[in-house]
Amino acid sequence: MAAAHHWAFGYASLMWNPGFEYTEARPAQVFGYHRALCVYSFLYRGTHEQPGIVAGLRPGGSCRGMAFKVPTANWAETEKYLLDREMVYGVYIPRWMTAEIGGQKVNVYGFCANPENEQYAGDLPVDQLADLVRNGQGVSGTGTEYLENVLAGLAKLGIRDRKLEKVLDLARS
């Protein structure tokens, strides 16, 4: 029997701006990956000349975020939207991952950072991340707005990310 729905996982901008229709949003935790500011932004929060920095999933640990339930009948349209949005420069690898939602293990669709892509920043020092956040501006706004929204989305889930908080504090100073 085919599944009646699919889940899309958001760990950064998708948390506050999914951009697609869904029937339910639930806190979720993905295993085997963690959220990191590890992707240079050449479009949404920066340019080629003045890159910004945005989040990606990197291997190891776990990541709490938001899962969005999409009816199977709408999944092809939702997946196309997500691919068009996230894969502009191929900096992510779309994949199905295991998550826990309400005590149940489910498959969620999300985007992991692609270490083979030129936009992959890896593990940068906090002061360098703060410079990228402070100076990044693209078609979707500034790096500071992005990081404020990520932290606000996490706060709604009862999550504190002290490293991201420190980056934002440095970016504002």
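Once the Cα atoms of the stretch 80-155 are picked out, what are the Rg and Dmax in Å?
14.9, 41
Amide H neighbours of Gly61 under 5 Å, at least 5 residues apart or on other chains, H built in the peptide plane: list them.
For Gly61, whose amide H was placed from the backbone, the distant partners under 5 Å are Gly32.
Between Thr23 and Asn117, what is the label-point separation in nm under the 7 Å Cα-to-beta-carbon projection?
With each label placed 7 Å out from Cα toward Cβ, I get 3.1 nm.
Could you state the accessible area per residue of the chain in Å², with a 1.4 Å probe and every protein chain left in place?
Details: 8570 Å² over 173 residues.
About 50 Å² of surface per residue is accessible.
If I model a spin label at Asn74 and Glu49 as a point 7 Å from the Cα along the Cα→Cβ vector, what separation in nanometres do I get?
4.0
With viscosity set to 1.567 mPa s and temperature to 4 °C, compute the Stokes-Einstein D of the chain, Rh being the Kirkwood radius across alpha carbon pairs; µm²/s, no decimals.
80
What pairs from Lys69/Lys166; Lys80/Lys166; Lys105/Lys156 go past 29 Å between their alpha carbons?
Distance filter (> 29 Å) returns Lys69/Lys166; Lys80/Lys166.
Leaving ligands, DNA and RNA out of it, report the carbon-plus-sulfur percent of the accessible area of the stretch 31-173 at a 1.4 Å probe.
49
Roughly how tilted is helix 143-156, in degrees to the nearest 10 and between 0 and 90, from the longest Cα axis of the chain?
Result, in degrees: 40.
If I ignore ligands, DNA and RNA and count only protein heavy atoms, how much of Ile93 is accessible to a 1.4 Å probe, in Å² to the nearest 10?
About 50 Å², rounded to the nearest 10.
Taking R0 as 22 Å, what's the FRET efficiency between Asn149 and Ser173 from their Cβ-Cβ distance, rounded to 0.05?
0.70
At 0.36 nm per residue, minus the direct Cα-Cα distance, what do Glu165 and Val139 gain on full extension? Give it in nm, one decimal, please.
7.0 nm
The values are calculated or read from the model by the stated rules, or taken from the named source; none is laboratory data. What you see is a predicted model, and the numbers here were worked out from it, not measured in a lab. No Cβ is skipped: glycine too gets one built from the backbone with ideal geometry, and neighbour counts run over all protein chains shown. The accessibility values were calculated without ligands, DNA or RNA, using every heavy atom of the protein model including side chains. Shrake-Rupley method; radii C 1.70, N 1.55, O 1.52, S 1.80 Å.
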